[in-house]
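First up is the structure itself, then whatever we jot down about it.
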Amino acid sequence: MNPDNMFEWANDLFYINRSLTGDGVRKTLLYLKNILPDLLIHEVPSGTVAFDWTVPDEWTIRDAYIADEDGNRVVDFRTNNLHVVGYSEPVDCWLERDELEQYLHSLPDQPEAIPYVTSYYKRQWGFCLTHHQRLSLPQGRYHIVIDTDLKPGVLNYAELILHGETQKEVLLSTYICHPSMANNELSGPVVTTALALWLQRLERRLYTYRIVFIPETIGSIVYLSKNIDQLKRQVIAGFNITCIGDDRCYSYLPSRNGSTLSDQVALHVLLHHTDNNFKCYSWLDRGSDERQYCAPGVDLPIATIMRSKYGEYPEYHTSLDNFDVVTPSGLEGGFIALRRAIEVIEQNIYLKITVFCEPQLGKRGLYPSLSSKVSGEQVRAMMNLISFCDGSRTLLEIADLIEEPFWDLKIIVEKLVAHGLLEKSHIATPQTAYL
Amino acid sequence: MNPDNMFEWANDLFYINRSLTGDGVRKTLLYLKNILPDLLIHEVPSGTVAFDWTVPDEWTIRDAYIADEDGNRVVDFRTNNLHVVGYSEPVDCWLERDELEQYLHSLPDQPEAIPYVTSYYKRQWGFCLTHHQRLSLPQGRYHIVIDTDLKPGVLNYAELILHGETQKEVLLSTYICHPSMANNELSGPVVTTALALWLQRLERRLYTYRIVFIPETIGSIVYLSKNIDQLKRQVIAGFNITCIGDDRCYSYLPSRNGSTLSDQVALHVLLHHTDNNFKCYSWLDRGSDERQYCAPGVDLPIATIMRSKYGEYPEYHTSLDNFDVVTPSGLEGGFIALRRAIEVIEQNIYLKITVFCEPQLGKRGLYPSLSSKVSGEQVRAMMNLISFCDGSRTLLEIADLIEEPFWDLKIIVEKLVAHGLLEKSHIATPQTAYL
Amino acid sequence: MNPDNMFEWANDLFYINRSLTGDGVRKTLLYLKNILPDLLIHEVPSGTVAFDWTVPDEWTIRDAYIADEDGNRVVDFRTNNLHVVGYSEPVDCWLERDELEQYLHSLPDQPEAIPYVTSYYKRQWGFCLTHHQRLSLPQGRYHIVIDTDLKPGVLNYAELILHGETQKEVLLSTYICHPSMANNELSGPVVTTALALWLQRLERRLYTYRIVFIPETIGSIVYLSKNIDQLKRQVIAGFNITCIGDDRCYSYLPSRNGSTLSDQVALHVLLHHTDNNFKCYSWLDRGSDERQYCAPGVDLPIATIMRSKYGEYPEYHTSLDNFDVVTPSGLEGGFIALRRAIEVIEQNIYLKITVFCEPQLGKRGLYPSLSSKVSGEQVRAMMNLISFCDGSRTLLEIADLIEEPFWDLKIIVEKLVAHGLLEKSHIATPQTAYL
């Protein structure tokens, strides 16, 4: 995967005005369908009940601005779609500067940032602007125009199923409801798209992949309400993919359960991918669709691998979350971490040594002929691996026990399997002495 | 509960000369019966066998002193009942200063303190005095008088049963066998009395409360020997109440098991009541009636919440353990900690969310209308609470998981129950998706 | 056991040229059989298959040297048997100094040490010498002679069975395949021999002791291949005995399982024998016969108690591993640690108090009559012990819980048993109240 592709997609999608519903979401999904032709775009009518929630009406925005008495647009939705509070109701009126104040949102601590504000479930309107601009708006009368509709329509989401050898599934979920912001959220859809492309091209997939692009919260609730039976039966692991595009750090957020296969894999990958230099959050720090996927009784095995986590980086939910934050290398690092996580899930297997006591490796040429520090470490890793291949542990468990990257051990495993010294199995079959 | 009441009771009881048996115990129990008219005072004859022990004869002391050749009482039981070794045998003789030495007890490191010494099971006599006084006793002859009896009589204890909705019991045990000392022991009986008054006045009690005032060790052994079957069947939690009246710190001593409901409750209450500023002792630090209540095979779920623990504060078992040590605020803090512990036990319950995925709180007005730091924390606590209400966890377990005080969450729980979003149950009923 | 005996045996055995097979091993075993007449010496023909391995041909060395043009032996096997690479093939040739270089082994970092090098499974030859000597060997022609055979013969090992009251066994294994080195390996066989003598003389042994002297790796694999059924059925604990003779530290290496009885015993003994001053290695640091005894499916409960561990002290596998390293006191300390470990295994038993609540110790004279700091600690240890004698815990578990040495508690246990206060049992029989 060329990281420039991901970066280019993110740039293309950046200026689309996404929200929970509406044209922005559809444009985004159609753009992705162009890359992933098998992507299936669904629509759910407004008013549909999903568990405790109801699909809201569809919001359409055509224009929005604050103009001064001379007709100059001093705040203009066309220059940045963050300027309008999401789901604002329509308005067309004249206000004095003082009256306008209560409808303005800015961040005194980040005076150059336009904040991202929405009001999905309470009817109101407002404008967001930098604090500098707010302070510099002179007294006078202003013409306020927000040209929006909120009418019965649909909520859209998209789904791609990549069948594997088994019906057991890995769920990859990302969201497409935020306007012009790069780490939260465009990094999520573009890395997910790249993963989908990579998965499509694999010669062999053990698991079936269910890849969904949804609006956050209402989207995952709607998706769960339609698919919970199948998801509960089939999903063995999965990731919520968000905030995966900057260069600053890696982050892990656990599932509610905390020790699902997804959690074990995420921790292993981040430990070795980052040389143990990543941030480990708790369930109490959650804030995205794991809230639904891991809710009581839903309890899908969904963990989260991120770069800088939502809510934890200064540009979060502002206009500063742009391509100074998200970079090709940031996206690439996130993509590789998630790809490795999927590879671990695909390749994880129970291992059993086929002989009692240590095997005689010398007679098989399995000792490196040239002795060196590196080869010594490889032999040690091989012997440690073998010492735990008792049929009751998976390669992932062994990798954790002997503190070696799964992907390095995988190479050794294949060599030992080729020599008939290891047996693989999808179920535990403990090694036992004859007795 | 007005803490001044507790303080006043302790002052009233201070000068009574309590011991394992005898009039001092009876006077103390009658004083308490005046406050708690339903208190039942029991007597057990000397010689009664209780497990490995036998109820000792009853000890009566009428007078005791050391007088100089002029008849001046230089050490006088009437001025401080700690001056006589508990259970001293009678004596009336003249001794030289040097001969007297072997019968004197003092503390060189605490020269102003009269130590507390007893000899319940070995016949001997002695006097306790300050080290200063001991050093200043001049040569000469002294008249030694101890006017005591040790004769078959009774051992007294008292019991109050407050019936609740279930026969399951909470045991509160305290002891009444120490003479004039305030933290160890009067803080125990007066805080227990205050708890009994509070419990009596409650509109509703889920559990039955068994409140006992006993002599330490022999009293709890006698009580167990008479009630062990019932206690084993019915007691679900309880506390040994001692050393609960000073202002210096809070302390926790576990049950032998270490993880009974009482232990979980004690740790939770102390953690949040003291902002995690309390001393955590181990079973190996035990020294009071938990030794019997938690003995092998007895194993009642009894933990201990204290302020400064016996054996750990400088005034312990000396005349300095007085009302400079024990204060109204010290008693009140201890009372509140124990009351909270009982409230947690009464209100602890399994909780299950009634919807799949997160509930839509906005439509129910469960989000605070005014946004602030405090309201944000409340929303977070509510969402964290909900995220663990899977029917398999009690409110106490959830409070520990999300690191919030039980009593704060209780308020949120009632709100959510009122909205039909939570179900309470006395047994675990895990939330499951339909499948 | 007089430590001078062990030291003398080690000195006697030091100059014998042991290898995997051959006369050196036989001489060593015959020397030990002189001390332990019941020792049974076994032989296994070359070519015998043992699991994945085959017993190698027997190696005989008669002479080996490098001589200069004048016939002076500049490197001579007769002065130190480490000078020849173990299992060297025969050679008789003249080489230039430069040609000789590739056959020489020395340690630049330890220029005064002759390294220990073997090539059991690949045919080659070589000489080992100090780095100083290597650098000082002048140009010129050298006469190289290695007079060896590698022919079908036998592999030898020895076994001593000391029957106990039960057929359950404790396995003690040590190896006898290293030439002139003292800590690794002679400390192992001599301490094992001393333990065997001590065990022989015991009036009573609960367990049967299986004591084996084998060549490392191939020997334990051969031994396992012949005895695995019986070992799996009968061995309840055991130790691999190696590197047990220097004064520098104590070390523990776990079994693969990590929490077998042997592990618990080893940790307890080292903790208290060394006042918690010992090195704790992991299974990943293994390197001796535990690799076979604890292999997947073999899984015998074998742990290792050492002094300075193989691979971890500077003289390891060089001529410097001599009697500057191994001392009488070093051997004695190791012997005592292992003897204590065996005593713990022999004496470990479930304990149950025979009364409810604490027993009345005073009436039985079980309180020390003279009160002192030491006696106070003894009473506390006794009361702590009693508090855990609930029939569900062994003395070893209790000793760990109350942080007292097993051997100190054993004395108290016998006193309490004599007073009828404790019952011993080989199985768990939990104390329960009557109900």
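The values are calculated or read from the model by the stated rules, or taken from the named source; none is laboratory data. What you are looking at is a predicted structure, and each value in this text was computed from that prediction instead of being measured. Neighbour counts are summed over all protein chains in view; Cβ atoms, including those assigned to glycine, are modelled from backbone coordinates with ideal geometry. Accessible surface is based on the protein model in full, side chains and every heavy atom, while ligands, DNA and RNA are left aside. Shrake-Rupley method; radii C 1.70, N 1.55, O 1.52, S 1.80 Å.
Overview of results
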read-out	value
Distances in nm from residue B:336 to the matching label points in the other copies, shortest first (labels 7 Å along Cα to Cβ)	5.6, 5.6
Backbone HN-Hα couplings from phi across segment B:407-423 [Karplus 6.51/-1.76/1.60, Hz, Gly and Pro as x]	5, 6, 5, 4, 5, 5, 4, 4, 4, 5, 4, 4, 8, x, 8, 10, 10
Cα gyration tensor shape for chain C, rounded if a/c is under 1.5, else prolate or oblate	prolate
Members of segment A:220-241 that become less accessible by 30 Å² or more once partner protein chains are added (1.4 angstrom probe, chain alone as reference)	A:228, A:229, A:232
Per-residue [θ]222 nm for chain A (sum of -39500 (n - 2.57) over DSSP H runs n ≥ 4, rounded to 500)	-10000 deg cm²/dmol
Point-to-point label distance, residue A:40-residue B:202, nm (Cα→Cβ direction, 7 Å offset)	5.6
Chain C: relative contact order in percent, alpha carbon pairs under 8 Å with at least 6 residues between	16
Relative contact order (%) - segment A:1-133, alpha-carbon pairs under 8 angstrom, separation at least six	18
Shortest-first distances to equivalent copies, position residue C:11, nm, label 7 Å out along Cβ	8.4, 8.4
Gaussian network model of chain B, Cα within-10 Å springs - most flexible of B:415, B:352, B:232	B:415
Viscosity 1.306 mPa s, temperature 10 °C, Stokes-Einstein D of the protein assembly as shown from Kirkwood C-alpha radius, µm²/s	42
Part-to-part distance (alpha-carbon centres) for segment C:274-289 and segment B:97-165, which is given in Å	55
Where A meets C: accessible area buried, both sides, 1.4 Å probe, Å²	2000
Along chain A, longest interval not containing exposed GluC sites (Glu not before Pro), exposed being DSSP loop plus at most 15 other Cβ atoms within 10 Å	A:204-402
Cα gyration tensor category, rounded, prolate or oblate, for segment C:281-395 with a/c compared to 1.5	oblate
Amide hydrogen neighbours beyond the local backbone of residue C:180, cut-off 5 Å, H modeled	C:18, C:81, C:82
Three-way shape label, segment A:21-67, alpha-carbon gyration tensor, a/c 1.5	oblate
The protein assembly as shown, accessible surface, carbon-and-sulfur percent (1.4 angstrom probe)	48
Shielded residues, segment C:26-52 - accessible-area loss of 40 Å² or more between chain alone and all protein chains, probe 1.4 Å	C:51, C:52
Teacher prompt: residue C:419 distances to equivalent labels in other copies, 7 Å Cα→Cβ, nm	6.3, 6.3
Solvent-accessible heavy-atom area per residue, rounded to whole Å², over segment A:211-274 at 1.4 Å	24
Peptide-level mean, for C:290-296, of C-beta atoms on other protein chains within 10 Å	6
Among A:286, A:339, A:141, residue whose mean-square fluctuation peaks in a GNM of chain A (springs only between Cα atoms under 10 Å)	A:141
Cα centroid of segment C:189-245 to Cα centroid of segment B:20-40, whole Å	68
Residue C:346/residue A:121 FRET efficiency (R0 56 Å; Cβ-Cβ; nearest 0.05)	0.15
Between helix A:187-201 and chain A: long-axis angle, C-alpha atoms, 0 to 90°, nearest 10	40
Using θ = phi - 60° and Karplus 6.51 cos²θ - 1.76 cosθ + 1.60, couplings along segment C:21-34 (whole Hz; Gly, Pro as x)	9, x, 4, x, 5, 5, 4, 4, 5, 5, 4, 6, 5, 5
For segment C:1-85: accessible area per residue (Å², 1.4 Å)	46
For B:347-357, mean number of other protein chain Cβ atoms within 10 Å	4
Top of C:157, C:121, C:15 by mean-square fluctuation, Gaussian network on chain C, Cα under 10 Å	C:121
Residue of chain A nearest the A-to-C rotation axis [by Cβ], rounded angstrom distance	A:259, 12
Flagged links, alpha-carbon separation over 31 Å, of A:232/A:279; A:168/B:415; B:27/B:279	A:168/B:415; B:27/B:279
Per-pair calculated FRET efficiency, R0 = 51 Å: residue B:147 and residue B:401 via Cβ, rounded to 0.05	0.25
Contour excess over end-to-end distance, with Cα ends at residue A:12 and residue A:322 and 0.36 nm allotted per residue	110.3 nm
Model label zone, residue B:168; criterion: amide N under 16 Å from point 7 Å along Cα-to-beta-carbon; scope segment B:233-265	B:233-239, B:260-265
Sites residue C:229 and residue C:135, calculated FRET efficiency, Cβ-Cβ separation with R0 56 Å, nearest 0.05	0.55
Stretchable slack from residue B:99 to residue B:31, in nm (0.36 nm times residue separation minus alpha-carbon distance)	20.4 nm
